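Okay, so here's the structure we're looking at.
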Amino acid sequence: MGFIIMLIVGGLIGWLAGAMLGKDVPFGIIGNIVAGLIGSAIGSKLLGEWGPILGGVPVLPALFGAIILILIVSFVAKRMNK
């Protein structure tokens, strides 16, 4: 059950990061989950594990990490389309 909650929290964090930036995450809900979970790893490495933790995911560092990840992916995708 914890794994499913972690996927849901990761998806919500990825969706929220995309909404805050005004950018769609590629691949829909799967992309949101991936962005949230990878963002959690990035944010935890950069900022540590602090703030509320839901489903084993530290929410605030994960959100910051997902924002960073989405910005990087958007930049690379824009460069590849030119």
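Over the chain, what relative contact order in percent results from Cα pairs under 8 Å that are six or more residues apart? Present the calculation step by step, with values, prior to reporting the outcome.
Numbers: 135 pairs, mean separation 26.4, N = 82.
Relative contact order, the chain: 32 percent.
In the range 1-35, what chymotrypsin sites (Phe, Trp or Tyr not before Pro) fall in a loop by DSSP, with at most 14 other Cβ atoms inside 10 Å?
Details: sites: PHE3, TRP15, PHE27; in loops: PHE27.
Passing sites in the range 1-35 are PHE27.
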Hey, any idea what the orientation-averaged projected area of the convex hull of the range 1-42's Cα atoms comes to, in nm²? 2.6 nm²
Per residue value of the accessible surface for the chain (all protein chains in place, 1.4 Å probe), Å²: 64 Å²
Once the Cα gyration tensor of the chain is diagonalised, semi-axes √(5λ) in Å: 22, 14, 9
Over the range 1-74, with every protein chain in place, what whole percent of the accessible area is carbon and sulfur at 1.4 Å, could you tell me? 78 percent
Kindly write out, for the range 27-33 in residue order, the coupling ³J(HN,Hα) from the Karplus curve 6.51 cos²θ - 1.76 cosθ + 1.60 (θ = phi - 60°), rounded to whole Hz, with x marking Gly and Pro. 6, x, 5, 5, x, 5, 5
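The values are calculated or read from the model by the stated rules, or taken from the named source; none is laboratory data. The shown structure was predicted, so the numbers you read here are calculated from the model rather than taken from an experiment. Note that we place each Cβ from the backbone using ideal geometry, even for glycine, and neighbour counts take in every protein chain shown. Surface areas here come from the heavy atoms of the whole protein model, side chains and all, with no ligands, DNA or RNA. Shrake-Rupley method; radii C 1.70, N 1.55, O 1.52, S 1.80 Å.
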